[in-house]
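Scroll down for the structure; my scribbles are underneath it.
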Amino acid sequence: MPTESDKIELSEHELREIAGYAADCARRALSIFEQSPPADTRPRDAIDAAYAFAGGGRRTNALRQSGWAAYKAAQGADSPAAVDAARAASHAAGAAFLHPLASAHQVKHILGAAAHAARAEELASGEDPCVAAGTLEWARHHAPTAVTAVLGRLPDAPPGGGRVGEFIRDLDAALRA
């Protein structure tokens, strides 16, 4: 297993696949955010920016800023479910900036959008764990080769992070199995 200071191989093609996957995961929960302040487009803009990068666009400061804007939208959301939906969008844009380091923290960048989307859907359902399990199962089945390949170069997901951290660890383990 690599150590935290080791660099890993990470191609632009892999970054694009990971960003597209993260955008797909975040899009599942976007409607939860848009139910409360429908005029706030920051999470949608972040997902669109991730898709643009995944489709061949440049990795720009505007892409990075769209992720931060979605994160700020989460801070102003009016429900816990909307907070996690916006955070999923933030993670989608941020996935394009995954670092080629063998750090467990990088696992959160790969799977954060899926985990926050699962938590958003779980909260919106009234805390039904079957809803989150279904979202995570969807994420497992839709993960492209790049996700599993890059996870294989990284240490296991880190401890902590509450329910979202639990989802990251569960999805990480399922994708490595």
Only one of 152, 161 that is surrounded by fewer than 17 Cβ atoms within 10 Å (Cβ to Cβ), on the phi > 0 side of the Ramachandran plot and not β-branched (Val, Ile, Thr): 161
I need the full set of residues from the range 106-123 which are of a type in the set (A, V, I, L, M) and farther than 15 Å from residue 27 by Cβ, in order please. 107, 110, 111, 123
Out of the residues in the range 69-126 that are of a type in the set (D, E, K, R), more than 14 Å from residue 161 (Cβ to Cβ) and assigned to a helix (DSSP H, G or I), which is least open to solvent (accessible area, probe 1.4 Å)? 122
Only one of 104, 133 is more than 14 Å from the chain's Cα centre (by Cα), in contact (Cβ under 8 Å) with a residue 60 or more places away in the chain and over 25 Å from residue 39 (Cα atoms), namely 104
Looking only at the range 127-147, which residues are loosely packed, with under 14 Cβ neighbours inside 10 Å, out of contact with any Cys (no Cβ under 9 Å at 6 or more places or on another chain) and outside any loop (DSSP other than H, G, I, E, B)? 129, 130, 137, 141, 145
Residue identified as of a type in the set (D, E, K, R), within 27 Å of residue 163 (Cα to Cα) and out of contact with any Gly (no Cβ under 6 Å at 6 or more places or on another chain) among 42, 59: 42
What's the number of the only condition in (1) surrounded by 19 or more Cβ atoms within 10 Å (Cβ to Cβ); (2) without any contact (Cβ under 8 Å) to a residue 40 or more places away in the chain that residue 50 fails to meet? (2)
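Every residue, every condition in (1) free of Cβ contacts under 8 Å to residues at least 12 places away in the same chain; (2) in contact with a Leu (Cβ under 9 Å, 6 or more places away or on another chain); (3) basic (Lys, Arg), yes or no:
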| site | (1), (2), (3) |
| --- | --- |
| 93 | no, yes, no |
| 114 | no, yes, no |
| 123 | no, no, no |
| 159 | yes, no, no |
| 167 | no, yes, no |
Against the definition (surrounded by fewer than 24 Cβ atoms within 10 Å (Cβ to Cβ), in a helix (DSSP H, G or I), out of contact with any Ser or Thr (no Cβ under 8 Å at 6 or more places or on another chain) and basic (Lys, Arg)), how does residue 58 come out, yes or no? no
Among 84, 45, which is the only one that is more than 19 Å from residue 144 (Cβ to Cβ), under 12 Å from the mean Cα position of the chain (by Cα) and at pLDDT 95 or above? 84
Would you point out the residue of the range 164-177, among those that are more than 21 Å from residue 30 (Cα to Cα) and of a type in the set (A, V, I, L, M, F, W, C), that is surrounded by the fewest Cβ atoms within 10 Å (Cβ to Cβ)? 177
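The values are calculated or read from the model by the stated rules, or taken from the named source; none is laboratory data. This structure is a prediction, so every number in the text was calculated from the model and none was measured. Glycine gets a Cβ as well: all are built from the backbone with ideal geometry, and neighbour counts include every protein chain shown. SASA here: full protein model, heavy atoms, side chains in, ligands and nucleic acids out. Shrake-Rupley method; radii C 1.70, N 1.55, O 1.52, S 1.80 Å.
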